[in-house]
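Working notes, structure below.
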Amino acid sequence: MTKKEILKNIENNLGDKTSLGQGCKENQYFLLVRDKRDIKEVMRYLFKDLGARMNIMTGVDGRDSVEVLYHMSWDKVGLMVTVKAFAEKPFPSIDSVTDVIIGAKWIEREIYELFDVKFKGHPELIPLLRSDTRPADYFPFKREVKEKHPTIREKEKGTKEK
Amino acid sequence: MAKIIPTGPYHPILEEPEFFKFHVEGETITRIDMTIGYSHRGIELLSESKTWDQVTFLVERICGICSFSHPYAYCLAVENLCCIEVPDRAKYIRAIIAELERLHSHLLWMGLAGHFIGYNTVFMWVWKYREIVLDSLEMTTGNRNHYANIKPGGVRRDFEDYMIPQLEKWMDELEPKLEMLVNVVMDDPVLHARLKGVGVLTYQQAIDYCATGPTARGSGVDIDNRRDFPFDAYPLLDWDVITMNEGDVFAKTAVRLLENIESLKIIRQSLKKMKPGPIEVEIKEVPPGEAIGVYEAPRGETIHYIRSDGSNMPIRHKVRAPSYMNILTNEVSCVGAALADGGLITAAHDPCYSCTERMAAVRREDPDNVINSKELARLSREKTKEIAGEYPGNDVIKDQEGK
């Protein structure tokens, strides 16, 4: 399959659920999933049917929701598509994709640990890296936690601004 | 009946912190549970409080061995976001240093692999040859590791005129030695007997677990970001991607050895093609937006995702090192193997725990409560006692405490 065919397939088959846009480089695209409930179906189509590889997932904290990004690539044609879905606050949750992509196991745990996003259907959703002694409700990348416990740098920055 | 063999908090043969629980039936491993998180340092969060230029030095410290790969991927991400292309001379300098780093990483692992299986001759020879590579890095960048030579928009240090013939001379010295090494490993019956058929990762498993780098290429997955997502000098040079189909420890070793020869090819061509000229373009501001930088580190694909709001710092910086995906493949490659092979299999994809655990919670609830070294030693002793208590019969530590 060529790059054009893959993009055409995505538009034809996922057009009603998603919208596709180009990034700042010609081989990097973004695919916005309108409803987070479709995420598993979208990922299954990209991974199983179109043969993509999942590079990694990223969480980005916003004011009203946590953005969950799935970086997918087609190495043979040199195409990279970042799938974006939004998990709304105050209790962000999204379907886990681990039954489609086993490699997503650890990164879903990491995003849960950082942003408190509950991945529904994950076989073992426990923090990946942090020590057991941390309180269970401590999510360091959450905007609310950042404001409550600023780092020394952030404090310095805040005083300078004032 | 299944029994659990706890292994850790240090890797049985690599000096890296992790904790494995091998579930065994007799001698055979039936399952492996992995716990990581012993060497995280908060790089991702720290990065959000550094300027675009400072982040280069920060990500360089994620890993001592991939200290060019992480800044390279980061710089590619920033350059993608700013839509700029670096000058030709900088491209070739980057390629030379990146490939020297690949040589040093592969040779380091090769030496350790020899040491793991009790083949110390390989260990000593390979590390002797690695010195040539480290000398080359020291001459060109000023450091044996942590080169601090790359920046968004180009490189920091130019090659002096005397460096090119000297590098060519050193590469001429290195080539017959690497070829000899390939021949020795490929023909050695002892290595074949020890490594072939051990810790097999099949093609489908490599795909499902999203493995990268020599781990995936050893299982027949033909991926290499230098070719698939062409950047800088790589599309201008002639080199091959090495793949093998067996998926065992031997295949992973052979891929690395043959890649060394390809790296030499890249360095030689870059030295020939390099012309005098500028080594950087100035980046005045980073526009708002998001971008990804992908680079093929010695261990596999390194990805950096950055998001900018137009200020002088990133608002999100995500780092994914290759070991993050490769360590997870232990779940399948260890199953069915003998317990004695467990250590070797879990080391075969050259795991780097520092890379894997780059992120962390660095916020302290109580900023005044800083732990000093004495306090840390006391906590560590307490923890050791606690662990000793968990495994009955382990009285050694308790005895030592008594004395």
Under 25 °C and 0.890 mPa s, how fast does region A:1-159 diffuse according to Stokes-Einstein, given a Kirkwood radius computed over C-alpha pairs? Answer in µm²/s, whole number.
146 µm²/s
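Based solely on its DSSP helices, what 222 nm [θ] is calculated for chain B when runs of n ≥ 4 H residues each add -39,500 (n - 2.57) and the sum is averaged over all residues, nearest 500 deg cm²/dmol? Intermediate results must be reported in sequence, preceding the final value.
Numbers: 17 runs with 199 residues, N = 403.
Computed mean residue ellipticity for chain B: -15000 deg cm²/dmol.
Relative contact order for region B:1-76 using alpha-carbon pairs under 8 Å, separation at least 6, rounded to a whole percent?
Values: 89 pairs, mean separation 13.3, N = 76.
Over region B:1-76, the number comes to 18 percent.
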Computed helical MRE - 222 nm, chain A, DSSP H runs ≥ 4 contributing -39500 (n - 2.57), nearest 500
-8000 deg cm²/dmol
Going residue by residue through region B:70-77, the Karplus relation 6.51 cos²θ - 1.76 cosθ + 1.60 with θ = phi - 60° gives ³J(HN,Hα) values, rounded to whole Hz and with x marking Gly or Pro, of 5, x, 5, 4, 5, 4, 4, 5
Separation of the B:K21 and A:R63 label points, Cα + 7 Å toward Cβ, nm:
4.5 nm
I'd like the carbon and sulfur percentage of the solvent accessible area for chain B, probe radius 1.4 Å, heavy atoms only, ligands and nucleic acids excluded.
53 percent
Binned Cα-Cα distance frequencies in the protein assembly as shown - 20 Å width, integer %:
20, 55, 25, 1
Sorted by chain and number, the residues with a modelled amide H under 5 Å from that of B:V281, at a separation of 5 or more or across chains, are B:G154
Other chains near A:133-139: what is the mean number of their Cβ atoms within 10 Å of each residue's Cβ?
1
Roughly how tilted is helix A:3-14, in degrees to the nearest 10 and between 0 and 90, from the longest Cα axis of chain A?
80 degrees
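Report the full-extension gain for the segment A:A136 to A:E11: residue separation times 0.36 nm, less the Cα-Cα distance, to one decimal in nm.
Full extension of this stretch gives 40.9 nm more.
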Highest mean first, what order results for B:150-157, B:63-70 on Cβ atoms within 10 Å?
B:63-70, B:150-157
Using amide H atoms built 1.01 Å from N in the peptide plane, name the residues 5+ places from B:A297, or on other chains, whose amide H lies under 5 Å from its own.
B:T302
For B:A148 and B:E168, FRET efficiency with R0 = 22 Å and r from the beta-carbon atoms, rounded to 0.05?
0.35
Residues of region A:27-123: accessible area per residue at 1.4 Å, in Å²?
33 Å²
Where in region B:117-141 is the amide nitrogen less than 20 Å from a point lying 7 Å along the Cα-to-Cβ axis of B:K177?
B:119-141
Hull volume in cubic angstrom per residue (convex hull over the Cα atoms of chain B)
165 Å³
List, in order, the whole-Hz ³J(HN,Hα) value for each residue of region B:309-319 obtained from phi through the Karplus relation with A = 6.51, B = -1.76, C = 1.60 and θ = phi - 60°; use x for Gly and Pro.
10, x, 8, 8, 9, x, 9, 8, 9, 9, 10
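Set the Förster radius R0 to 30 Å, insert the Cβ-Cβ distance between A:E41 and B:E331 as r into 1/(1 + (r/R0)^6), and round the FRET efficiency to 0.05.
On the way: r = 26 Å, r/R0 = 0.87.
That gives a FRET efficiency of 0.70.
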Cysteines without a disulfide-compatible neighbour (Cβ-Cβ under 4.7 Å), chain B
B:C75, B:C82, B:C83, B:C210, B:C334
Radius of gyration and Dmax for region B:119-219's Cα atoms, expressed in Å?
18.6, 49
Largest-first principal axis extents, alpha carbons of region B:64-114, Å:
45, 20, 11
Taking amide hydrogens as modeled 1.01 Å from N in the peptide plane, which residues meet the under 5 Å criterion relative to B:I315, leaving out close sequence neighbours?
B:R307, B:S308, B:D309
Contact order normalised by length for chain B, with contacts defined as Cα pairs under 8 Å and 6 or more residues apart; what percent is it?
25 percent
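Rounded to the nearest 100 Å², what's the accessible area chains B and A bury against each other, both chains counted, probe 1.4 Å? Before the final figure, lay out the partial values.
Numbers: alone 18340 and 10050 Å², together 23860 Å².
Buried area between the two chains comes out at roughly 4500 Å².
The values are calculated or read from the model by the stated rules, or taken from the named source; none is laboratory data. Because the structure is a prediction, the values reported are computed rather than measured. Cβ atoms come from the backbone with ideal geometry, glycine included; neighbour counts cover every protein chain shown. Remember, those area values only see protein heavy atoms, side chains included, never the ligands or the DNA or RNA. Shrake-Rupley method; radii C 1.70, N 1.55, O 1.52, S 1.80 Å.
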